[in-house]
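Chemist: Mind having a look at this structure? Questions to follow.
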Amino acid sequence: MANEPFFTIDGTHYVPTPAARGPWNPNSLHGRVIAGLLGAEIERLHGSPDFMPARLTVDMYRLPDLSPVEVTTKVVRAGNRIKVIDAEFVSGGVSAGRATCQLLKRTENPAGNVWKPEPWVVPAPADIPPPTDGRSGMGGMWATRRIAGDFGTVGQKRLWMSEVRELVDGRALTPFVRVAVSADFASPFANAGDNGLEFINSDVTVYLHREPAGEWIGYEVVNHGATDGVAIGECFLYDEQGPIGSATCAALAQRRMARS
């Protein structure tokens with residue numbers, strides 16, 4: 001990818017680039033790069049082809065600045081059918097987030113049929129023109145193809161998303177990392193309304209029954225609720241072959257800081 005990556009490598013640390021800035025504070029990281037790097041390090045250090053990363057939960061309890069980042073991991077359980085890995089996101093020597101990933105042994109599905117939602121019938125990304133209004137994703141942080149609804153509207157929202165840059169310089173995006181680095185999008189997509197986005201998410205959880213095939217991931221808002229400034233949001237996730245899982249989040253009422 002020709003675009004600037006979100007992180008470069010300096011020894012054991014990851015150095016954020018300007019592309020990693022978030023929307024809430026001009027001197028802080030975007031939640032997507034926190035979740036993405038935690039997921040990427042878990043997969044890089046502990047993943048294997050015979051295990052499926054079925055759940056990734058990321059807690060984001062401090063808004064990190066642009067200091068160099070270190071990610072540490074710990075094996076909680078390494079069984080024959082289940083692995084559980086913890087990881088910590090340390091920015092400038094201060095813990096800013098953590099993740100737990102559950103990896104399950106791949107095997108064969110049992111016989112029989114189980115209810116599932118109707119197929120997601122939408123246009124393919126190649127059949128949808130790119131946005132012409134400059135809203136392709138925070139000035140080029142990602143690429144989108146809008147299917148239905150948009151930010152600033154209250155109706156059902158669906159879109160395709162694709163990454164346009166590496167998470168870490170020199171490391172190709174794996175299917176799992178594509179999901180991990182995009183999953184934070186569930187919060188603004190589900191929690192934005194006719195006044196824009198006024199919730200900042202404190203976590204994100206991804207459930208996957210398979211990894212995506214191809215570069216495009218579909219997001220469909222299926223739930224939002226908010227009381228006393230605390231919100232939840234949920235999206236179903238798809239690739240061009242069909243459903244792959246879901247992304248859920250909790251969020252707090254928040255206002256943006258002005259950019260200088």
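Chemist: So the check is Cβ under 9 Å with 6+ separation or different chains; which pairs have a first residue in segment 166-189 that's in contact (Cβ under 8 Å) with a residue 60 or more places away in the chain and more than 14 Å from A247 (Cβ to Cβ) and a second one that's among the polar types (S, T, N, Q) and surrounded by fewer than 24 Cβ atoms within 10 Å (Cβ to Cβ)?
Modeler: E166/N3; V168/T8; D169/T8; D169/T17; G170/T8
Chemist: Sticking with this one: For segment 63-78, give me the residue count where each residue is more than 18 Å from E43 (Cβ to Cβ) and either modelled with pLDDT of 95 or more or in contact with a Lys or Arg (Cβ under 7 Å, 6 or more places away or on another chain) (or both).
Modeler: 5
Chemist: Moving on to the next point. Being part of a loop (DSSP other than H, G, I, E, B) and either of a type in the set (D, E, K, R) or under 19 Å from the mean Cα position of the chain (by Cα) (or both) is the filter here; which residues of segment 4-24 pass it?
Modeler: Correct list: E4, P5, F6, T17, G22, P23, W24.
Chemist: Of the residues A172, A186, only one is within 22 Å of the chain's Cα centre (by Cα) and not in a helix (DSSP H, G or I); which?
Modeler: One residue alone meets the criteria, A172.
Chemist: Looking at segment 40-102, what strands (runs of 3 or more DSSP E) fall wholly within it and have at least 3 residues that are farther than 30 Å from A19 by Cβ and in contact (Cβ under 8 Å) with a residue 24 or more places away in the chain?
Modeler: No strands (runs of 3 or more DSSP E) qualify here.
Chemist: In segment 103-113, which residues are of a type outside the set (A, V, I, L, M) and assigned to a strand (DSSP E or B)?
Modeler: K105
Chemist: Next up: Every residue in segment 18-68 that is farther than 22 Å from V206 by Cα and of a type in the set (F, W, Y), please.
Modeler: Listed by number, the list holds a single entry, W24.
Chemist: Just checking, how many residues over segment 182-208 are of a type in the set (V, I, T) and over 19 Å from Q102 (Cβ atoms)?
Modeler: 1
Chemist: Here is a further query. Take the residues in segment 152-191 that are in contact with a Leu (Cβ under 7 Å, 6 or more places away or on another chain) and modelled with pLDDT under 95, then tell me which one is surrounded by the most Cβ atoms within 10 Å (Cβ to Cβ).
Modeler: Once the filter is applied, the top-ranked residue is N191.
Chemist: Looking at R32, R55, R44, R62, can you tell me which residue is closer than 16 Å to P212 by Cα and either in contact with a helix residue (DSSP H, G or I) (Cβ under 9 Å, 6 or more places away or on another chain) or of a type outside the set (A, V, I, L, M) (or both)?
Modeler: Result of the check over R32, R55, R44, R62: R55.
Chemist: Further, regarding this structure: Out of E220, E211, E240, I need the residue that is among the acidic types (D, E) and buried (at least 21 other Cβ atoms within 10 Å of the Cβ). Which one?
Modeler: Only one candidate qualifies: E220.
The values are calculated or read from the model by the stated rules, or taken from the named source; none is laboratory data. Owing to the predicted nature of the structure, the values given are computational and were not obtained by experimental measurement. No Cβ is skipped: glycine too gets one built from the backbone with ideal geometry, and neighbour counts run over all protein chains shown.
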